[in-house]
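The values are calculated or read from the model by the stated rules, or taken from the named source; none is laboratory data. Predicted, not measured: the structure shown is a model, and the values here were computed from it. As a convention, Cβ positions derive from the backbone with ideal geometry for all residues, glycine included, and neighbour counts pool all protein chains shown. Ligands, DNA and RNA are stripped out before the accessible areas are found, and what is left, the full protein with its side chains, is counted by its heavy atoms. Shrake-Rupley method; radii C 1.70, N 1.55, O 1.52, S 1.80 Å.
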Amino acid sequence: LRAPNRDDTVLTSARELLDQTVEQASRAGQIIRATREFLSRGDVRRVQARLADLVRAVIDLMRGETVQNQVSIVTQIDPNLPPLLVDPIQVEQVVLNLVRNSIEAMSREPGSLRQITVAATASAEEPGFAEITVQDTGPGLPADIAERLFTPFTTTKESGMGLGLSISRSIVEAHGGHITIASNDAGRGVTIRFTLPFDSEQ
Ligand SMILES: Nc1ncnc2c1ncn2[C@@H]1O[C@H](COP(=O)(O)OP(=O)(O)OP(=O)(O)O)[C@@H](O)[C@H]1O
Ligand SMILES: [Mg+2]
């Protein structure tokens, strides 16, 4: 046995980087395939689901990323919110895309407060729909990006594909909901708002 030397360390981190890249590329491919399939079907596999459970699943799934980036996630979900009638995997994908964007935006800000708030209530404007917001404390959006935020391939990231938000819009609209920028403040971050249907049988 010998102590690991610098070359070993470099090799290990190169190997890890390569593994990560391969994993990310394959994950990106999977998401695009799943989304195409889902869009071409034109329908959604809808089941009754509690929003709080879907958000919890995403937070658990992203634990590594949030810890690594020193981000805390706060939830403010109305405990009396009726169950949704949605495709749970697709809804989790939307929440994951939004949370990941917020993590990425805040990680470019040195030393600042890094907090994401996921809140939900019944929508006042869209009866029968829940209104969900994902808010961060990041730098906000540049004006030119804000205009085409939900258009495919809009990205400011070197390794970004600019698909997260356009996929999210497809998913939300396939459920009959809407997704918009609720606020965009330099210094106070971005808030994205979207709506999803309640189970009307409830
Ligand atoms: N919370 C946010 N704060 C600041 N900028 C954001 C935020 N969310 C999105 N953006 C900007 O909008 C762009 C588009 O986001 P989108 O999720 O569609 O693509 P991406 O994150 O660049 O790539 P991908 O999601 O495919 O990995 C981002 O590149 C970024 O510039
Ligand atoms: Mg993204």
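Here is how the numbers come out for the structure above:
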read-out: Solvent-accessible heavy-atom area per residue, rounded to whole Å², over the chain at 1.4 Å; value: 59
read-out: Most mobile of Q68, Q90, Q115 in a GNM of the chain (Cα contacts under 10 Å); value: Q68
read-out: Selected from T156, T133, T66 as most flexible by GNM, with the chain as the system and alpha-carbon contacts under 10 Å; value: T156
read-out: Heavy atoms of E126: accessible area, 1.4 Å probe, square angstrom to 10; value: 40
read-out: Percent accessible area from carbon and sulfur atoms, the chain, protein chains only, probe 1.4 Å; value: 52
read-out: For region 151-202 versus region 90-109, the gap between their alpha-carbon centres in whole angstrom; value: 10
read-out: Which of F194, L149, S159, positive extreme of dipole for the chain (C-beta unit charges); value: S159
read-out: Convex hull volume per residue for region 113-162, taking Cα atoms only, in Å³; value: 131
read-out: Net dipole in debye of region 1-138 [+1 Lys, Arg Cβ; -1 Asp, Glu Cβ; about Cα centre; nearest 20]; value: 340
read-out: Packing-based order for 157-167, 48-58, using average beta carbon neighbours within 10 Å, highest first; value: 48-58, 157-167
read-out: Within region 109-202, chymotrypsin sites (Phe, Trp or Tyr not before Pro) in DSSP loop having at most 12 other beta-carbon neighbours inside 10 Å; value: F153
read-out: nm² value of the averaged projected area, convex hull over the Cα atoms of the chain; value: 14.0
read-out: Fluctuation leader among V74, V95, V134 - the chain, Gaussian network, Cα springs under 10 angstrom; value: V74
